[in-house]
Amino acid sequence: MLRIKTILHPTDFSESAEHALQLACSLARDHGSKLVLLTVPAPPLPSVETYIPEYELSQLMKESEQQLKSVADGIEDVSVETRVIAGEPGWAIVTAASDCQADLIVMGTHGRKGLSRLLMGSVAEHVLRHAPCPVLTVKPTGTLPKD
């Protein structure tokens, strides 16, 4: 049986991330695991530029820290750690998983398909391909597969 000591939950504070958080909390309680909450702040759209002024990035990081702390404060019966990392989300999540020695990553997906997936990419797919540990993805609620 897989010993789960640390669970990493990357969040973008979306509805699908909220469902994944509930599952991550349940698993952490069941296994007596530490839960590491991670967010990778994204600049507001359109983000065609790769440069974000230092002041804007600092402000974005501070807001993300406050939002993540608010989420962590609502979690009971589980040891919680928070991390905010700037950078490309897929690589930041994989790096954080290695850094905290995560045994499992539990994350939501947006369920993008077609052109939007091509243009926006898939963070979950990147994490699935490069993570140093198993990854459990949670689909958005109400999403049915289309033929």
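The values are calculated or read from the model by the stated rules, or taken from the named source; none is laboratory data. These numbers come from a predicted model, not from an experiment. Counting neighbours? That spans all protein chains shown, and the Cβs are built from the backbone with ideal geometry, glycine included.
Quick check on the range 81-102. Is at least one of its residues part of a strand (DSSP E or B), among the polar types (S, T, N, Q) and within 26 Å of His130 (Cα to Cα)?
yes
Filter the range 115-138 for residues that are over 13 Å from the mean Cα position of the chain (by Cα) and modelled with pLDDT of 80 or more; which is surrounded by the fewest Cβ atoms within 10 Å (Cβ to Cβ)?
Arg129
From the residues in the range 56-88 that are in contact with a Lys or Arg (Cβ under 7 Å, 6 or more places away or on another chain) and not hydroxyl-bearing (Ser, Thr, Tyr), which one is surrounded by the fewest Cβ atoms within 10 Å (Cβ to Cβ)?
Step by step, filter the range 56-88, then rank; the result is Asp77.
Would you pick out the residues in the range 89-114 that are surrounded by fewer than 19 Cβ atoms within 10 Å (Cβ to Cβ), among the charged types (D, E, K, R) and either within 15 Å of Ala24 (Cα to Cα) or at pLDDT 90 or above (or both)?
Asp99
Any idea how many residues of the range 1-40 are within 15 Å of Thr141 (Cα to Cα) and buried (at least 22 other Cβ atoms within 10 Å of the Cβ)?
Within the range 1-40, residues that are within 15 Å of Thr141 (Cα to Cα) and buried (at least 22 other Cβ atoms within 10 Å of the Cβ) number 3.
Could you list, in sequence order, the residues of the range 51-77 that are closer than 15 Å to Thr11 by Cβ and not in a helix (DSSP H, G or I)?
Listed by number, the residues that qualify are Gly74, Ile75.
Quickly run through the range 21-42 and pick out the residues that are farther than 11 Å from Asp77 by Cβ and outside any helix (DSSP H, G or I).
The answer is Ser33, Lys34, Val36, Leu37, Leu38, Thr39, Val40, Pro41, Ala42.
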